[in-house]
Structures are given as structure tokens and as C-alpha cells.
Amino acid sequence: MSMPPKQYQLFATTPKGLELLLVDELKALGATEASEKLAGVNFTGDLTLAYKACLWSRLANRILLKLRQVPAATPEELYEGVQSIAWDEHLHPEGTLTVNFVTSQSQITHTLFGAQKVKDAIVDQFRDKYDVRPNVSQDQPDININVYVNRDIATISLDLSGESLHRRKYRLDGGSAPLKENLAAAILIRAGWPAIAKEGGLLTDPMCGSGTLLIEGALMAADIAPGLSREYFGFLNWKQHQPAIWEKLKEEAVKRRDNGILSLPPIVGFDEDSDAIKNAFENIERAGLLGKIHVERRELADFVSKANSLPGLLIVNPPYGERLGEIEDLGPLYTLLGDKLKTLAPEGERVWKAAVFTGNPELGKVMGIRAKKFYALYNGAIPCKLLLFDISPEKFIDRNREGFR
């Protein structure tokens, strides 16, 4: 009788505000226990689930496999705790490693010092046992060690992702202020794009920049694993890696991509900046979506929805300014955006949806449309709001009454 697969304690990190979405995503991937924490989700699963999360999570930054919790009130305690782990079960003596160290509300306050202490403990263990030491490497090391010290307790984990999962490898130049890919995915999920895509609705972005929202929308609609184009993960040279499981998951993902891309709904983007359109085109090509997403240079004033298409989702991340003068200057832009949204008012029963992601929701008031819902999110450290609209005349409001202020 075969033994059931080993279960691991896992933690997926994610930007603040995405935790509940990530719980749902991990449960859909097969996690039976998933609970939200600040900027992450605890979950339990076998290696298949851990690999699936690395390959399929659109929202996570990192997938951490917990090894041990140890006291770390002093450097000596931390050193001893790290040495209590048999590192030769994870790394070859001549292998490479890197340490990411974070500390909060603890007596060890210096991250570089903490990382050095962890590295010393591992290296000394190998030197004492094998008379050989592994080397530190920042460039695709064999294992990535994550240490989080909170209230003098260190959680020591292996970072299976290796580098942040938001890096899908299609974007080289994100333009002046790009959205991270996992934030773009969260915006699309909150805006209801997966359901709209299944019905064949259009996705359009009239200020598409380097195309991140469009590409993430296409990856979702075509059932393409966001990690499929990545060549490096933190588990590939881990001693307990199981290549057969990983290769099977990748083969399944390739089949799903090849099937899904055949039924991609129309996806269209515009931007007034020719350099942004050039970047978007190159990103689309790297994502393997050439010919599947249409982008062209067009000013917002000239925006019209694609003719003969089903209503769908208009999604936009307009500039929102950080200083008062900039904010006042942007009022007319948001007014124009509202005017363009109103042109999508339905002639039949199907209603267009719109999603506006902004760091200054005050600007949303000049659009002249009442939002049906909003979500608080962060773009890096900037608190933002995602405003969701149904484009129908009963939602239109008098700007003179609720105008820009």
C-alpha cells in the first residue's frame, strides 16, 4: 500500500488587500486548509499543490515551505536554531544559496546581520560535516532561504518560487508607472473579468500603457498558467525536488494553454503614447499572444468601443497625480473618461462593466457615474481604490452637483 504524499506547512505572500482573493485561488488549486494573514495566506498541502501554486497563482508573490520555528532573541539563539535543521537534506555541499531575512518587533533589528548569521550557521554545518562549504549566490541559487523573525521567534522556510511570482517574464520595460502583474490580475478578478470572458465579452483599456492589464486578462481568458514562461524556480535544484510531478504539471498547463487560446475573446487596447504602444506590442509578443491582443496609438478623445462586439469590460488605470497641482490638472482627463464611458450605455439588455483603478478616488467624482462598488488596494505603498461601474443611464449623475473639488 502506497504512503500518502507528505504534507507541508506553506505560506503564500501577496500584496496587502489581496489576501482573501488568494485564499479563494489556493482553494481552487486544491488547498483544503487556507487562512488569511496580513500580506499572505497559510495553507497546507503536498508538493503537487506547492508546485501548482508556483505555476498557477496569479496573485501570490512567493510560496514558502516552512522548515522550522526557533527562538531568536539573540544572535546565538538564531545560529543554534538554524543549525538544528539538517541542511544536507536540502542542499548539496557544493551547492549555492541565498538568504532573505526580515525582522519585526524583535531584538535582532539589522537584516543584513541576521542574514549573515543564518548563512554562517548553514556554511559552518557543511564545513564541519563535509569539509566543504556551499557558496552564496544571488543569481538563481540552488535554494532560497527565507527567515522571518517576529517577536523573537524565527520562521525558517524555503522559498520555492525563487523570485517573485509576479514576474511572468513577458515584461522588460513597464513604462513610467507599471502595475505589477499580480495586482493587475487582482483588479481583473475583482472587476468580474473571468465571467465576462467566458461569455465572450470584450476587454478594452483606453489607456493601456505597456499592456499589463490586457495581457493578464488574456492569460486568464485563455487558461494560461502565469508561471509557464519562467525557466527558474527556487525548487528546481532543491534535493527533495520531484521532477516527475513538475513535468506532468507543466505538460498539463501546455495542453490547457493550447486549448484555451483558441477561444480567446476580443482584447483591445489604446494609448496616446507611441512608446507605450511599442512596449505593449513587445510584451504581447513575449507573452506568446501576438495576434490575440490588438493595440494601437489613439488618444482617449478618439476612443470608441470595437464595433460588432458583445459588451464587456472597460478597465483603466489612469494617472492620478501625487501633488495638488497635478490632481487639479487631471480633472479634465477624468471628465473625458466619464464621457467616454457614457457612450457605452446599452442599446440592448447587456450592460458594459467598467473598472477604474486610481490612487485618488476624489478624481472619480468628476466622471459623472455612480460607482456600484469599490475595493481598497495598494499600488506598492500608495493606497488606491478600484471603482466598479455598471454603464447604464440610471447610474449617471449631475457633475455640477457632485463635481470635482
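The values are calculated or read from the model by the stated rules, or taken from the named source; none is laboratory data. The structure displayed is predicted, hence computed values, not measured ones. Cβ: placed from backbone, ideal geometry, glycine included. Neighbour counts: every protein chain shown.
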Scan segment 240-262 and give yes if some residue there is touching a residue at least 40 places away in the same chain (Cβ under 8 Å), assigned to a loop (DSSP other than H, G, I, E, B) and surrounded by 21 or more Cβ atoms within 10 Å (Cβ to Cβ), otherwise no. no
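From the list L336, L341, L363, pick out the single residue that is farther than 22 Å from G201 by Cβ, assigned by TED's automatic domain parsing to the domain that holds I187, modelled with pLDDT of 90 or more and in a helix (DSSP H, G or I).
On the way: L341 fails: farther than 22 Å from G201 by Cβ; L363 fails: modelled with pLDDT of 90 or more.
Exactly one of L336, L341, L363 is farther than 22 Å from G201 by Cβ, assigned by TED's automatic domain parsing to the domain that holds I187, modelled with pLDDT of 90 or more and in a helix (DSSP H, G or I), namely L336.
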Mind listing whichever residues of segment 91-146 are within 25 Å of F235 (Cβ to Cβ), in a helix (DSSP H, G or I) and of a type in the set (D, E)? D120, D124
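Can you tell me which residues in segment 270-314 are assigned to a strand (DSSP E or B) and either touching a Cys at 6+ places or on another chain (Cβ under 9 Å) or surrounded by fewer than 21 Cβ atoms within 10 Å (Cβ to Cβ) (or both)?
Of everything in segment 270-314, those that are assigned to a strand (DSSP E or B) and either touching a Cys at 6+ places or on another chain (Cβ under 9 Å) or surrounded by fewer than 21 Cβ atoms within 10 Å (Cβ to Cβ) (or both) turn out to be F270, D271, H294, V295, E296, R297.
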Could you check segment 66-90 and list, in sequence order, the residues that are closer than 25 Å to F233 by Cα and hydrophobic (A, V, I, L, M, F, W, C)? L67, V82, I85, A86, W87
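Quick grid of which residues meet (1) touching a Leu at 6+ places or on another chain (Cβ under 8 Å); (2) over 25 Å from N61 (Cα atoms); (3) at pLDDT 95 or above:
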{"position": "F235", "(1), (2), (3)": "yes, no, yes"}
{"position": "G269", "(1), (2), (3)": "yes, yes, yes"}
{"position": "E272", "(1), (2), (3)": "yes, yes, yes"}
{"position": "I284", "(1), (2), (3)": "yes, no, yes"}
{"position": "E296", "(1), (2), (3)": "no, yes, yes"}
{"position": "E326", "(1), (2), (3)": "no, yes, no"}
For the subset of segment 114-165 comprising residues that are of a type in the set (K, R) and touching a residue at least 24 places away in the same chain (Cβ under 8 Å), which member is nearest to E80 (Cα to Cα)? K117
